[in-house]
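Peer 1: So that we are looking at the same thing, I have put the structure below in structure tokens.
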Amino acid sequence: MLINRNLFRTEIKSSFYFPLRITLLYLILGGLWILFSDKLAVAFTNDFETLAVIQMYKGWFFIIITAFFFYLLIKRDFKLIETTQKELSESEKRFRSLFDNAPLGYQAVDSDGKILAVNKAVCSTLGYTEKEMVGKYFVDFLKVEDKSIFEEILKNIQSDGVLGNVEFRMVKKDKATAIIAVEGKVAFTNDGQFKQLHCILIDITERKKNEADLIKLSSAVDQSPAAVAILKRDGKLEYINPKFTQLTGYTFNETAGKEPIQLKPSSMPDEEFKNIWSSIKAGDEWSGEYYNNKKNGEFYWELISISPIKNTETEITHFLVLKEDITGRKTIEKELIRAKDEAEELSKLKTNLLGNISHELRTPLVGIIGFAEFLKETELDVDQSDMVQKIINSSKRLTNTLNSILYLSEIASRENYLNKEEINLAKHTPMLMFPFIQAAKEKGLEFSILIKSKKASAVIDDKLYIMVLNNLLDNALKFTRHGKIEITIDLVETGENKFAAVKVSDTGIGIAETDREKIFQEFRQASEGVSRWYEGTGLGLTLAKKMVEAMDGTINLESEIGKGSIFTIMFPAIEIPEATEEIADDVSKESGIQPFRILLVEDNFINKEVTELYLKDIYSIDHAENGEAAVELSRQNHYDVILMDINLGGGINGIETAKEIRKLNGYESVPVVAVTGYAMAGDKEVLLAEGLTHYLAKPFEKQELLQLLAEILIEN
């Protein structure tokens, strides 16, 4: 208002007072001069000549005196005008600075909606320059949907002169949309005509987004499937969502302002509840599962969690309580536990059943294979010898099938316990090849072993490795009619990694590319159905792949129809120090071994007879039919090796017998070999853990038994 008064005063002075004062002053001075100039001259002198001179020059005196007074007056007024103009300029600068730098956006538009002025806040919000906005119409910056709204407002605003808080969607220079709140007032001319509309513009885009987020969060809490409660700092209930009422039966009016005891599960002791709340008030979170009851007395299981809500200064302002009905889950868990117990019981029954099947099938196979081999060594005609060989081959095939089915079942049920050890494949593998060399020779095939690296070693399970080789070599012998079979052992480098590689190659029928995936599937063969070309269960390669992968290795196949196949097994390579002790190259030369004394503990007469026939003329052998007899014979004699059957019928079993013999003087370190039909994965480890030193699964061949005894006796 100060600026307006100064402006008003300045206008009045310049347009009315200043000319009036000049005129009045001139009239006053002129009148005074006419009235008193002659009297002053006479009073000054009576000389006529002097008075004539004064009379002649008194007009000039009047002009000089009047000019002096006019000068003083005009100088004063011009100084006042200069001061006023300076104040007006400074006021205008302050107003312009306030206008431009105001934190709120400001604009002025005329009656047609044309923008007359905008400040920096508006330009900053929308991204335009002042030049780009002034002279344009306000609707040019609105979304199409909002243009008609502003035009309607502009028509009606001239009556009331006020623009209420209206939200418009404005298009920014970068084409983004900003939500702007506009509020304004119309300035009218003196005659009541629309002069301009002064508007304040506020960017509320972020506020709108936050409001939408709050609505979304509020809706999420209200519609949450979990019961939600919010408590004040003092622990009194402030909010619950509909699910809370649905779960507990309590309404908001029944819980508002109540103590947190309303949230205590009925099964929770009071002291525990106090301790929990002390911990929560200290800033800790808590959760637990409790049995609780609803308002109507119905019981249910709930998962409840409580956590503090903190402000930006990390001060606790509220507590968040979440409750979830887990009655169904608890029921399922109970059923799962029951099902798990039943499954474990069934698993035990299955394991026992498989163990018994294994034992009952393997034990008679010892007699079948053993006596067939002895028959073959007698004088037979060609037909008889062929029939005996077929008995041996059929028995071995039955043994392999039994092994495959049992091991596949164990691997599928994850009961396969690995017993890994460091093994030099270059030294160990040739020792396993004797049966296959013989079989290849009988079929008229060449069989060779090529050692490219004597350091090819890996950490593997020896039992599984032997089974893998047996399956691959059985296939090679089965599908190769002429040519050769070759084993290659080498170290292979792939980047920075080294692998111990074992290749089994043959010149057999080969495998088509379309069948390469199929042959590794359970019970699948390249030829299937009633028209299949070769016998077998289709489990050999399945087992080989599963066993190799269980030992962290890989198995690959290269093959060409009519030219043969190459199976390559690769294990991560390790380095094993050179052994200082060497085993005899030819372990089949049993005849050079001294007649050591061996105790055979076996309740099956046929197996006892076969084993004695295997060892006659090589070792001195005594027999005990049960555990008690074995302990008594061991007390009377000293044996270098004990061959112990595990299932001895009645009385103590083989494990208990071995423990009793260990108590005898001189038997602390005597080798005790578990000779058993329990040949499932894990059986060997269990028996060795019980104190037996070696393991031989039934059925076994003569060469296997002699080789094992030779190794044991050389070691000892």
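The values are calculated or read from the model by the stated rules, or taken from the named source; none is laboratory data. Bear in mind the structure is a predicted one, so any value in this text is a computation, not a measurement. Here Cβ is always computed from backbone atoms with ideal geometry, including for glycine, and neighbour counts include all displayed protein chains. Side chains included, ligands, DNA and RNA excluded: accessible areas come from the protein's heavy atoms. Shrake-Rupley method; radii C 1.70, N 1.55, O 1.52, S 1.80 Å.
Peer 1: Got a number for residues in the stretch 447-495 being open to solvent by 40 Å² or more (accessible area, probe 1.4 Å), farther than 17 Å from Gly564 by Cβ and among the small types (Gly, Ala, Ser)?
Peer 2: 1
Peer 1: Pairs please, first residue from the stretch 79-100 and within 24 Å of Ala117 (Cβ to Cβ), second anywhere and modelled with pLDDT of 75 or more and part of a helix (DSSP H, G or I), Cβ atoms under 8 Å, 6+ apart in sequence or on different chains.
Peer 2: Asp100/Lys120
Peer 1: Just give me the residues in the stretch 123-165 being surrounded by 14 or more Cβ atoms within 10 Å (Cβ to Cβ), farther than 18 Å from Ile202 by Cα and hydroxyl-bearing (Ser, Thr, Tyr), in sequence order.
Peer 2: Scanning the stretch 123-165 gives a single hit, Tyr137.
Peer 1: Which is assigned to a helix (DSSP H, G or I) and either closer than 16 Å to Asp112 by Cβ or touching an Asp or Glu at 6+ places or on another chain (Cβ under 8 Å) (or both), of Lys155, Lys131, Lys195?
Peer 2: Details: Lys131 fails: either closer than 16 Å to Asp112 by Cβ or touching an Asp or Glu at 6+ places or on another chain (Cβ under 8 Å) (or both); Lys195 fails: assigned to a helix (DSSP H, G or I).
Being assigned to a helix (DSSP H, G or I) and either closer than 16 Å to Asp112 by Cβ or touching an Asp or Glu at 6+ places or on another chain (Cβ under 8 Å) (or both) holds for just one of Lys155, Lys131, Lys195, which is Lys155.
Peer 1: Is it fair to say Ala117 is of a type outside the set (Lys, Arg), farther than 20 Å from Arg96 by Cβ and part of a strand (DSSP E or B)?
Peer 2: Numbers: of a type outside the set (Lys, Arg): yes; farther than 20 Å from Arg96 by Cβ: no; part of a strand (DSSP E or B): yes.
Answer is no for this residue.
Peer 1: Among the residues of the stretch 221-236 satisfying the criterion of being among the charged types (D, E, K, R) and in contact with a helix residue (DSSP H, G or I) (Cβ under 8 Å, 6 or more places away or on another chain), which is nearest to Lys264 (Cα to Cα)?
Peer 2: Filtering first and then ranking leaves Lys236.
Peer 1: Grab the strands (runs of 3 or more DSSP E) fully contained in the stretch 283-353, keeping just those with 2 or more residues being polar (S, T, N, Q). It would help to see each step written out before you state the result.
Peer 2: On the way: elements: 286-293, 299-310, 316-325.
Output list reads 286-293, 299-310.
Peer 1: Cβ-Cβ below 8 Å, separation at least six or inter-chain, first residue in the stretch 442-470 and more than 22 Å from Pro572 (Cβ to Cβ), second open to solvent by 60 Å² or more (accessible area, probe 1.4 Å) and polar (S, T, N, Q): which pairs?
Peer 2: The qualifying pairs are Asn470/Asn400.
Peer 1: While we're here: Could you please find all residues in the stretch 451-509 being assigned to a strand (DSSP E or B) and small (Gly, Ala, Ser)? Spell out how you get there, then give the answer.
Peer 2: Initial filter on the stretch 451-509 (assigned to a strand (DSSP E or B)): 451, 457-461, 484-494, 497-506.
Within the stretch 451-509, Ser457, Ala458, Ala500, Ala501, Ser505 meet the criteria.
Peer 1: In the stretch 593-613, what count of residues is obtained for those that are more than 19 Å from Pro699 (Cα to Cα), open to solvent by 50 Å² or more (accessible area, probe 1.4 Å) and not in a strand (DSSP E or B)?
Peer 2: Residues in the stretch 593-613 being more than 19 Å from Pro699 (Cα to Cα), open to solvent by 50 Å² or more (accessible area, probe 1.4 Å) and not in a strand (DSSP E or B): 3 in total.
Peer 1: Now a separate question. Kindly indicate the residue of the stretch 359-380 that is within 13 Å of Lys396 (Cβ to Cβ) and among the small types (Gly, Ala, Ser) and also surrounded by the most Cβ atoms within 10 Å (Cβ to Cβ) among those meeting that condition.
Peer 2: Among those residues, the one meeting the criterion is Gly370.
Peer 1: For the stretch 222-250, name all the residues that are touching a residue at least 24 places away in the same chain (Cβ under 8 Å), more than 34 Å from the chain's Cα centre (by Cα) and assigned to a helix (DSSP H, G or I).
Peer 2: Residue satisfying the conditions is Thr248 alone.
Peer 1: Would you pick out the residues in the stretch 273-309 that are within 27 Å of the chain's Cα centre (by Cα), surrounded by fewer than 16 Cβ atoms within 10 Å (Cβ to Cβ) and hydrophobic (A, V, I, L, M, F, W, C)?
Peer 2: Correct list: Trp286 only.
Peer 1: Right, next: From the list Phe95, Phe99, exactly one residue is open to solvent by 70 Å² or more (accessible area, probe 1.4 Å), at pLDDT below 85 and in a helix (DSSP H, G or I). Which is it?
Peer 2: Values: Phe99 fails: open to solvent by 70 Å² or more (accessible area, probe 1.4 Å).
None of the others qualify; the one that does is Phe95.
Peer 1: Looking for whichever is open to solvent by less than 90 Å² (accessible area, probe 1.4 Å), among the hydroxyl-bearing types (Ser, Thr, Tyr) and modelled with pLDDT of 75 or more here; the options are Thr351, Thr317, Thr312. Which one fits?
Peer 2: Thr317
Peer 1: Can I ask one more? Across the stretch 614-651, which residue is surrounded by the most Cβ atoms within 10 Å (Cβ to Cβ) among those that are under 23 Å from Phe374 (Cβ atoms) and of a type in the set (D, E, K, R)?
Peer 2: Asp645
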